[in-house]
1. Based on this model, can you work out whether Y75 counts as aromatic (F, W, Y) and farther than 19 Å from S190 by Cα?
2. G110: within 21 Å of the chain's Cα centre (by Cα) and not charged (D, E, K, R), yes or no?
3. Given the options N162, N202, N224, N196, name the one that is closer than 18 Å to W106 by Cα and either among the small types (G, A, S) or at pLDDT below 95 (or both).
4. If you go through the range 160-183 one residue at a time, how many are touching an Asp or Glu at 6+ places or on another chain (Cβ under 7 Å) and assigned to a helix (DSSP H, G or I)?
Amino acid sequence: MKIKFKVFAQISVVALLATACTSDPDSPGLEYMPDMYRSPAIEPYVDYAEVKGRINEDQKLIRSSLVPPKYTIPYWGTDSATVHIMLPYWRKPAIDANATHGLYGWDRSGNTDPLAEYNAAAADMNPLKIKDAASAEKMFGDAKLLYTINCKHCHGEKGDGNGPMVQSGAYTGAADLTGLAIADGQMFYSIYYGKNMMGAHNSLLNKKEIWTLVHYIRQLQDKNYGKFDPAGKPMWGMAPVADSLKTAKL
């Protein structure tokens, strides 16, 4: 009886080892309840064509992510102030923005003056307010990170238009932000839709992030921007606005 049990145990071990082996060098072999410890990474731009464990190899690397329906509004929570800021931008790109900045398929302005919307944006105020030193610290901390990732390579660390891309000779025409005399709303419009040699950043930054960058640019222009005196009074004045907005560049 003991011999039979020993033989059975040996056969079982051999059978288990055999089923655990596979010709696929990337396979871990037989796994017990793999879903308990093996969590597959989700790649939103890849369709693995997997249905009930079966994968269509011809489809697994084909991008299947679809652009959300036109005029779709993302969910930004229940804070009314944040929701208001993040609503779709109501100003339209210039009539020629499809050719100048690749904005094909966008609802463009019908005004034949390509600067009409940009000039009108001078009336738009930054909805993000710097209320005190604590909010300023948070604002500029976030803004510096955004600027480093999206702007520094062209406009430079100090905003003087002499970033690494310009120094290398790979790019020319980056604006000197320190002397940029345009309104906050025009800065936003320029970053959102692009202006001159700069491309549109609306696919890289959301509206709140762009308004945050506007604050950072103001700090580059005025070292006291965002600072408060001991009494809690702001130490900065109104940023200058060019007399001729049509000649301002970003």
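The values are calculated or read from the model by the stated rules, or taken from the named source; none is laboratory data. Only a predicted model underlies this, so the values are computations on that prediction, with no experimental measurement involved. Backbone-built Cβ (ideal geometry, glycine too); neighbour counts: all protein chains shown.
1. yes
2. No: the conditions fail for G110.
3. Numbers: N162 fails: closer than 18 Å to W106 by Cα; N224 fails: closer than 18 Å to W106 by Cα; N196 fails: closer than 18 Å to W106 by Cα.
Exactly one of N162, N202, N224, N196 is closer than 18 Å to W106 by Cα and either among the small types (G, A, S) or at pLDDT below 95 (or both), namely N202.
4. Taking the range 160-183 and keeping what is touching an Asp or Glu at 6+ places or on another chain (Cβ under 7 Å), we get 160-161, 176, 178.
Those left that are additionally assigned to a helix (DSSP H, G or I): 178.
The qualifying residues number 1.
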